[in-house]
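Nothing in this text is a laboratory measurement; each read-out follows from the coordinates by a stated rule. Predicted model only: the values in this text are computed from it and were never measured. A quick note on method: Cβ atoms are made from the backbone with ideal geometry, for glycine too, and the neighbour counts reach across all protein chains shown.
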Amino acid sequence: MNLIAGQGLAGTVLALTLLERGEEVTVVDNAHRSSSSMVAAGLWNPIVFRRINKSWLADEVIAELEAFYPAAEPLLGAHFYHPLRIFRKHGNELEARLWAEKKPTDDFAPYLANDERNPDPDLYKPFEFGYGTVNRAGYIDLPVFLAAARKYFAEKGIFEEAEFSLPENTDALADFRFRGKPVDRIIDCRGYKTADSKWFNYLPFGLTKGEVLTVRCKGLDLDEVFNAGFFLQPLGGDLYRMGATFNWDDKDEVTTPEAREELLAKFRKHLNAEVEIVSQKAGVRPTVQDRRPLIGRHPQVENLYIFNGLGTKGVMLAPLTAHYFADFLLNGKALPAEMNIDRFRKLIDQVHPLIDYPGPKGQN
Ligand SMILES: Cc1cc2nc3c(=O)[nH]c(=O)nc-3n(C[C@H](O)[C@H](O)[C@H](O)COP(=O)(O)OP(=O)(O)OC[C@H]3O[C@@H](n4cnc5c(N)ncnc54)[C@H](O)[C@@H]3O)c2cc1C
């Protein structure tokens with residue numbers, strides 16, 4: 001049995017992927033006590049705006065997410081997949097020039113679209129450098145996705161609401177049982193809390209707190225995501241999500257007046273409309289110093305795995321990363337080196353030197 005610790009985006013996508021491949025899975029989560037996924041806007045965007053580049057592995061991750069989430073909707077009986085274009089206000093002359101140059105190329109044509117709108121000058125401040133549209137973007141309504149998946153796991157009898165801790169010593173790990181059941185693999189998907197784990201604290205998690213606002217804004221009538229160095233995501237009616245902030249110092253879920261002011265100032269810089277704040281949320285993203293996922297088998301403990309480090313782009317990365325992880329676990333395929341925690345193998349000796357570990361159930 002595979003024990004998945006943490007039912008955020010990572011644990012959920014991985015559990016669904018392993019179940020689909022016929023694996024036995026149990027998921028344990030502490031009622032989202034420290035969830036980045038429950039706060040996230042859930043957006044995906046294939047373009048990095050500064051120099052108009054494609055996001056890392058954009059073609060592969062977009063193809064995988066466009067297959068994964070729509071297929072999960074009927075399985076889970078819920079609607080959470082929302083493809084939506086992005087209306088990007090160019091930040092400067094260079095961005096506008098690069099956009100115009102790259103838009104017609106084979107590489108970018110699927111993502112950068114023609115502009116057919118006329119932004120209301122009473123609502124929007126002037127577009128000094130113009131604007132563009134990104135296709136094949138959108139968002140996953142993560143609270144809806146996670147609640148539907150939790151219900152699905154619970155109905156199958158494979159979900160447990162509990163606080164989970166990894167055993168402190170290797171013998172207990174080797175013979176690990178959960179609720180009396182032998183566990184073949186423990187897979188740590190506890191988001192940023194994994195960074196505190198004795199077994200994984202050698203990994204260079206960066207951790208980035210972020211805050212978002214839900215606001216009411218009458219008369220905006222936006223049916224795309226507006227992006228101008230912050231985002232405004234339509235949620236239906238007059239509601240919008242506004243985000244997000246990046247804070248590398250705090251590691252908590254406490255909302256702050258500074259973040260609220262930062263977001264409102266960005267809104268006022270680009271729009272004239274009035275906003276009323278409905279709610280504010282904070283979370284900690286499981287970011288990594290080299291901005292790549294952290295997946296693989298613990299270098300010293302054979303039945304201990306990690307599926308984490310989805311950083312700022314979990315929605316995009318989770319399906320493809322889970323696909324690679326399942327191929328690794330079940331078919332013995334090598335993980336992509338950029339995602340594999342083996343890239344940090346050298347660091348472990350600095351934290352706790354190699355232990356003499358016999359492997360699970362006495363194997364070498
Ligand atoms: C403000 C903000 C905006 C964001 N916007 C976007 C966005 O637009 N698009 C995007 O792709 N990403 C976004 N992200 C990032 C996104 O949230 C992450 O990439 C992703 O959700 C991480 O998922 P995870 O499952 O690894 O971690 P989490 O969602 O944190 O899940 C970990 C789960 O494990 C549980 N857990 C922790 N410790 C224990 C324990 N000891 N026992 C049991 N359970 C435990 C937690 O309660 C939680 O449910 C945003 C994040 C923030 C904070």
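With each run of n ≥ 4 DSSP H residues scored as -39500 (n - 2.57), what mean residue ellipticity at 222 nm is computed for the chain after dividing by its residue count and rounding to the nearest 500 deg cm²/dmol?
My calculation for the chain gives -8000 deg cm²/dmol from helical runs alone.
Could you state the number of Å between the C-alpha centres of the stretch 242-288 and the stretch 2-74?
Here the answer is 23 Å between Cα centres.
Sorted by average packing, counted as other Cβ atoms within 10 angstrom per residue and highest first, what order do 164-172, 255-263, 288-296, 306-314 take?
Ranking, from highest mean packing down: 306-314, 288-296, 255-263, 164-172.
Taking the Cα atoms only, what angle lies between the long axis of helix 257-270 and the longest principal axis of the chain, rounded to 10 degrees?
Helix 257-270 and the main axis of the chain meet at about 40 degrees.
Which peptide among 123-130, 148-155 comes first, and what is the full order, when sorted by highest mean count of other Cβ atoms within 10 Å?
Most protected by this proxy first, the peptides run 148-155, 123-130.
Working from Cα positions, state the angle (0 to 90°, nearest 10) between the long axis of helix 142-155 and the longest principal axis of the chain.
Helix 142-155 and the main axis of the chain meet at about 30 degrees.
Could you give the size of the charge dipole of the stretch 69-178 about its Cα centre, using +1 on the Cβ of each K and R and -1 on the Cβ of each D and E, expressed in debye and rounded to the nearest 20?
It comes to approximately 420 debye.
Using modelled amide H (1.01 Å from N, peptide plane; none on Pro or chain starts), what sits under 5 Å from the amide H of Leu112, excluding residues fewer than 5 places away?
Asn135
Give the residue from Gly132, Pro143, Ile158 lying farthest towards the positive end of the charge dipole for the stretch 45-180; charges sit on Cβ (+1 for Lys and Arg, -1 for Asp and Glu) and the dipole is referred to the Cα centre.
Checked the options; the winner is Gly132.
If you build the Cα gyration tensor of the chain and take the root of 5 times each eigenvalue, what three semi-axes come out, in whole angstrom, biggest first?
Semi-axes, largest first: 39, 21, 20 Å.
Would you mind working out the magnitude of the charge dipole of the stretch 166-228 relative to its Cα centre, with +1 at each Lys and Arg C-beta and -1 at each Asp and Glu C-beta, to the nearest 20 Debye? Walk me through the numbers before you get to the answer.
On the way: 10 positive and 10 negative charges, 51 e Å.
With only Lys, Arg, Asp and Glu charged at Cβ, the dipole is about 240 debye.
Could I have the simple spin-label model distance between Ala71 and Asn272, label points 7 Å from Cα toward Cβ, reported in nm to one decimal?
Label at Ala71, label at Asn272, 4.9 nm between them.
If you add up the charges near His79, with Lys and Arg at +1 and Asp and Glu at -1, over every other residue whose beta carbon is less than 10 angstrom from its beta carbon, what do you get?
Value of the local net charge: -2.
Once the other residues with Cβ under 12 Å from the Cβ of Glu163 are scored (Lys, Arg +1; Asp, Glu -1), what is the net sum?
Around Glu163, the surrounding residues sum to 0.
Positive end of the charge dipole of the stretch 177-257 (Lys, Arg +1 and Asp, Glu -1 on Cβ, about the Cα centre): tell me which of Gly229, Gly206, Pro257 has its Cα farthest that way.
Gly206
Can you give the FRET efficiency to the nearest 0.05 for Phe129 and Asp221, using r as the Cβ-Cβ distance and R₀ = 30 Å?
Numbers: r = 24 Å, r/R0 = 0.79.
Once rounded, the FRET efficiency stands at 0.80.
Sum up the charges of everything whose Cβ sits under 12 Å from the Cβ of Arg185, counting Lys and Arg as +1 and Asp and Glu as -1, but leave Arg185 out.
Residues close to Arg185 contribute a combined charge of -4.
Mind checking which of Phe178, Val215, Gly191 is farthest towards the positive end of the stretch 163-228's charge dipole, using Cβ charges of +1 (Lys, Arg) and -1 (Asp, Glu) about the Cα centre?
So the residue we want is Phe178.
Please compute P(r) over all alpha-carbon pairs of the stretch 186-237, binned at 10 Å starting from zero, and give each bin as a whole-number percent.
Histogramming the stretch 186-237 at 10 Å steps yields 18, 31, 17, 24, 10, 0 percent.
Taking the Cα centre of the chain as the origin, how large is its charge dipole in debye, to the nearest 20, when only Lys and Arg (+1) and Asp and Glu (-1) carry charge on their Cβ atoms?
It works out to roughly 280 debye.
What list of ³J(HN,Hα) couplings, whole Hz, do you get for the stretch 74-81 from phi and the Karplus terms 6.51, -1.76, 1.60, once you set θ to phi - 60° and write x for glycine and proline?
Those phi angles translate into x, 4, 8, x, 8, 10, 9, 8 Hz.
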